[in-house]
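One structure is given below, encoded as structure tokens.
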Amino acid sequence: MGACFNLGIIVGDHTMWSLILLRFLLGITLAGIYPIAMKIATDYYKKDLGKSLGFIVGALALGTSFPHLIKSFTDGLPWKLVLLSTSAIAITGGLLMVLLVPKGPFYSVPGKKVNQTSFVTVFNNKSFRSAAFGYFGHMWELYAFWAFVPIMLSTYNTIHEDVEINVALYSFIIIAFGWIGCVISGYGSMIVGAKKTASFILVLSIIMCLLSPLVFYITSPILFISVLVFWGMVVLADSPMFSTMVSNNVKPEAKGTALTIVTCIGFSITILSIQLLTYLNTIMDTKYLFLFLVIGPLIGLIFLKKS
């Protein structure tokens, strides 16, 4: 379905509103995949759930970054190639899921009817509530950072006139390195636990946000990219930890529901942070925009410490 909505943009004539509608519908399908993928992971793993979710969420980083890579290779060619390529990959992924992913050994039978009270009742659990609000803080930073990576690179090019960084290629690299961050955090959770791992990563996110204005004054392009790559690892690495804690603090039959509820609220929060940075970018220096991202990891850390 996502591939169809994606391809719909290059078929026929469109108005601004029809384009927005297609992107809205595509967003629904993309967000819908995320909690289901995590639920499938919980069907296969219990003891090493943090590690498995590290790989699952890491795949999100690779998928998010991949269109930037395609754009870097097709620069100068019709823009429709990016949509055609990503749609073909999405269809392939759907077929692989159908053909190669059976039910896991810990699969729980879905409820026969919708429990409309689940939205409220899952938050009665203090540990679940702590993990959920930690995730919300994480989401405030994550997608705003991803959305503004190309702007950060373009701003650096503008400040340092003798430098010409390939924005599309390095946007891919910075975002894609989130996969490595997730894998590292997944293995780390097996040693010190998901909560301690997430807390440490949130502290790193806070530091990166606070130091962000200074990053643009780095004269070495290699060092500048390296710092953003590290931030790209940190910004996503705590996500599988929160999903692990959410999953571990609800009944087995409610895992899918809990993950979906938390994800829905988290994705909604990303709208606010992206819109805020977009507005602020019109009234202030771009270098200082990312200080406002510290709100998310700071709040997330506070709630995580309450559990």
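No lab work stands behind these numbers, since they all come straight from the coordinates. Everything numeric here is computed off the predicted structure, so don't read it as measured data. A quick note on method: Cβ atoms are made from the backbone with ideal geometry, for glycine too, and the neighbour counts reach across all protein chains shown.
Selection among 105, 93, 221 by position relative to the dipole of the chain gives 105 as farthest towards the positive end (Cβ unit charges, Cα centre). The modelled label-to-label distance between residue 278 and residue 107, using points 7 Å beyond Cα along the C-beta direction, is 4.0 nm. Overall shape: oblate for the chain, with the ratio a/c of the largest to smallest alpha carbon gyration tensor axis at 1.5 or above and b/c at least equal to a/b. Taking a ≥ b ≥ c as the square roots of the eigenvalues of the Cα gyration tensor, the range 232-282 is classed as oblate, since a/c reaches at least 1.5 and a/b does not exceed b/c. Measuring between alpha carbons in the structure, the pairs from 255/306; 196/251; 126/287; 39/287; 51/80 lying more than 31 angstrom apart are 126/287; 39/287; 51/80.
Using the Karplus relation 6.51 cos²θ - 1.76 cosθ + 1.60 with θ = phi - 60°, the per-residue 3J(HN,Hα) values for the range 4-16 come to 5, 5, 5, 6, x, 5, 9, 10, x, 8, 10, 9, 4 Hz, with x marking Gly and Pro.
How high is the FRET efficiency from residue 91 to residue 253, r the C-beta distance, R0 25 Å, rounded to 0.05?
With R0 = 25 Å, the Cβ-Cβ based efficiency is 0.20.
Rounded to the nearest whole Hz, the Karplus-based 3J(HN,Hα) values (6.51 cos²θ - 1.76 cosθ + 1.60, θ = phi - 60°) of the range 186-202 follow the sequence x, 6, x, 5, 6, 9, 10, x, 5, 5, 5, 5, 5, 4, 4, 5, 4, with x at glycine and proline.
The label-point distance for residue 159 and residue 74, in a model that sets each label 7 Å from Cα toward Cβ, rounds to 3.2 nm.
Provide the FRET efficiency to the nearest 0.05 for the residue 25-residue 220 pair, computing r from the beta carbons and using R0 = 41 Å.
Step by step, r from the Cβ atoms, then E = 0.40.
Here 251, 51, 287 are placed in order of increasing Cβ neighbour count within 10 Å, fewest first, which gives 251, 287, 51.
Distance between the modelled labels on residue 271 and residue 190, one decimal in nanometres: 3.9 nm (7 Å Cα→Cβ projection). Each Cα pair under 8 Å and six or more residues apart adds its separation to the average, and for the chain the resulting relative contact order is 31 percent. Each of the chymotrypsin sites (Phe, Trp or Tyr not before Pro) that DSSP puts in a loop and that has at most 15 other Cβ atoms within 10 Å breaks the chain; the longest unbroken stretch is 108-216.
Computed from the Cβ-Cβ distance with R0 of 25 Å, the FRET efficiency linking residue 147 to residue 306 stands at 0.25. Here the Karplus curve 6.51 cos²θ - 1.76 cosθ + 1.60, taken at θ = phi - 60°, turns the phi angles of the range 236-242 into couplings of 10, 4, 7, 4, x, 5, 5 Hz, with x standing for Gly and Pro. Residue exposure proxy: 47, 103, ordered by other Cβ atoms within 10 angstrom of their Cβ from fewest to most, comes out as 47, 103.
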